[in-house]
Each structure stands twice: as structure tokens, then as C-alpha cells.
Amino acid sequence: MAFLSSKSLSDLQAKEEVILPFDENRVKSGAYELSLGSEVFRTDSKDRKKEILKDKKEQVVINPGQFALLLSEETVSVPKNKIAFISIKAGIKLRGLINVSGFHVDPGFKGKLLFSVYNAGSGQISLERGKPSFLIWFAELKEEDTKPYKGDHNEQDSILPRYIDDLTKEGSELASPNALLKKINENQIAIENRINIVDERKKLNEYLFKTIIGLLIVIGVKLLWDTGQHYKDYKEGYDKKATEVTTDSTNKLIQDELKTLKIQIEDLKKLKTEVVKPSTENKTQGDGKK
């Protein structure tokens, strides 16, 4: 496969009219410069309908983060032994406009080209009807294609409603990025809320943990205090009881000693009586003998 040069492209045009309308001045570096046509659609349009650019120099503005459908001014006819490749001009691409609709045109295709583009830049991108905005190259196939294009885009000359529906329907991956961004923001907010809830629960758990630890410490100190106080009371009671027992024992011993002493005193008194009594009797007997 070989790409056609500028001269070969001009010769092909003269022979088969592959581009209509055609301007020889737009053949540059082996490519032809296509221009924006009369129909466009933007995903942020208020009425969700395509726009008609009636004036030749009327402009369309594609906002950042928005998709658009752009119809070419020219009708392209790709011979069965050729294949074409398309792109956006470099100056427009550098501003952030991206072609997301594909990059080739099949052998046998005939019709206006429909570009699906996305503004990935940070600013608005303005395009003017009739001004060169796209590029197309033609390449030679080794032989004529036996199964040329016969799809829905053949004889295409306008933006059909179904293409708009496909671009804007709910759940479409090509829906307005603002809507996608909104969903992303909503999901982010939901995630942040969940994170906040988790953080709050974490803080609550930490607070409860610290509170429980504090209570355990207080309870432990109280138990130690109560245990110490109980031991102190027990010891005081024990010492008191021991003192009482010792006192009772001492008193009992004293009582026993007193009792013993009383018995001994009584015994001594009895002994004394017995000793004194015989002496008296002897004295009496002596007095009788006289």
C-alpha cells in the first residue's frame, strides 16, 4: 500500500472526481484539506438538535469537555482500489480537539464525512464553515476490493437523528462529559462522605477505647485502694482482736495467779492456826501442874 502524492491525488481527482467540490489550492503535502459543512451538533446544545450553519463563514463553538458531530462540506468518493485516511488539522488538534470517530474511509464509500470530535482542551474551540479543518489522504490498494463499503453511512449528506440519539442517550459512553463529571463528583462526594463516616467512627471508637481504658484504670485503682483499705481494716481488726485475746489471756492469767495466791494465803492461814493452837494448849497444861 502506497499513499498518493499531491500530483497523483490531483490526477485521481481529474479522472474520478473523488472530492466535490474540489479546490486545487487545497492539495498540500499529499493530502486534501476538507472544510466544515452546514450541519453540526453539540452535546451541550439546549434543545438537543443539530444546528444549521447557513452562512459560509458562520462559526460553531465547542466548549471544553463537550462532544460534537461535524459534517464535512465536501462529498468524498473512495474508489474500490483505494482507501482513505482522515484527521483533524494539526493547528486545531493542538488546541485540544480530538477525532474520536475513526481514522479511515473504506473502499467504495461515497458521501459527506461525519466527524465525531471531543474538546479535551481547557478553552473553547471555534470552527468556521467553509474553512479548512480536516485532512484526507488516499492510498493505493494492490488490487480492487471485492467487498466495498455498503453500510449505513453511504450517500451520507446530513447528520441523522439516530446519531444524535446515540451520542446523547442515557448511559451512553459518549454522553456529555459534564454529566460524566457530575457523576464523578457525586461519586467522589459519596466516597468522601463514607470516608468522613469511617473517620467519625474511628474517632468514636478511639474515644470509647480511651474511655474504657480510663474506666479500667479507675476501677483498677479503686480495687487496689479497696484491697489496701480492706487489708488495713483487716489488719487493724486482727491486731485489735489479737490485743483483746492477749488482754483476755493476761487477765485470765492474773485471775488464775490471784486465785492461786488466795489459796496459798488460805493455806498459810490454816497452817498458822494449827501452829498457834498447840502452843496454847501446852501453856494451859503447864499452868495446871503448878
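Quick notes on this one:
- When E16, E58, E51 are screened for being closer than 17 Å to E128 by Cα, among the acidic types (D, E) and in contact (Cβ under 8 Å) with a residue 24 or more places away in the chain, only E58 passes.
- In the range 1-94, counting only strands (runs of 3 or more DSSP E) that sit wholly within it, the ones holding 1 or more residues that are in contact with an Asp or Glu (Cβ under 7 Å, 6 or more places away or on another chain) and under 20 Å from I125 (Cα atoms) span 31-42, 59-62, 67-77.
- Filter result for F134 (under 18 Å from L34 (Cα atoms) and touching a residue at least 40 places away in the same chain (Cβ under 8 Å)): yes
- Considering residues of the range 15-55 that are closer than 20 Å to F3 by Cβ and among the charged types (D, E, K, R) only, the residue nearest to the chain's Cα centre (by Cα): E33
- Among (1) assigned to a strand (DSSP E or B); (2) surrounded by fewer than 21 Cβ atoms within 10 Å (Cβ to Cβ) - the single one S101 does not satisfy: (1)
- Of all residues in the range 66-93, those that are surrounded by 18 or more Cβ atoms within 10 Å (Cβ to Cβ) and either at pLDDT below 95 or among the hydrophobic types (A, V, I, L, M, F, W, C) (or both) total 13.
- Test: residue in the range 17-34 that is polar (S, T, N, Q), at pLDDT 95 or above and within 14 Å of D157 (Cα to Cα): no
- Matching residues, the range 14-32, being buried (at least 18 other Cβ atoms within 10 Å of the Cβ) and of a type outside the set (G, A, S): V18, I19, V27, Y32
- For the range 98-109, the criterion of being over 19 Å from Y32 (Cβ atoms) and assigned by TED's automatic domain parsing to the domain that holds I159 is met by at least one residue.
- D47 vs. criteria at pLDDT below 95 and among the acidic types (D, E): yes
- Within the range 113-158, considering residues that are more than 13 Å from V78 (Cβ to Cβ) and among the basic types (K, R), the one farthest from the chain's Cα centre (by Cα): K142
- Filtering the range 161-179 for residues that are under 30 Å from G102 (Cα atoms), part of a loop (DSSP other than H, G, I, E, B), modelled with pLDDT of 90 or more and acidic (D, E) leaves an empty set.
The values are calculated or read from the model by the stated rules, or taken from the named source; none is laboratory data. The model shown is predicted, which means the values in this text are computed figures rather than measured ones. Cβ atoms come from the backbone with ideal geometry, glycine included; neighbour counts cover every protein chain shown.
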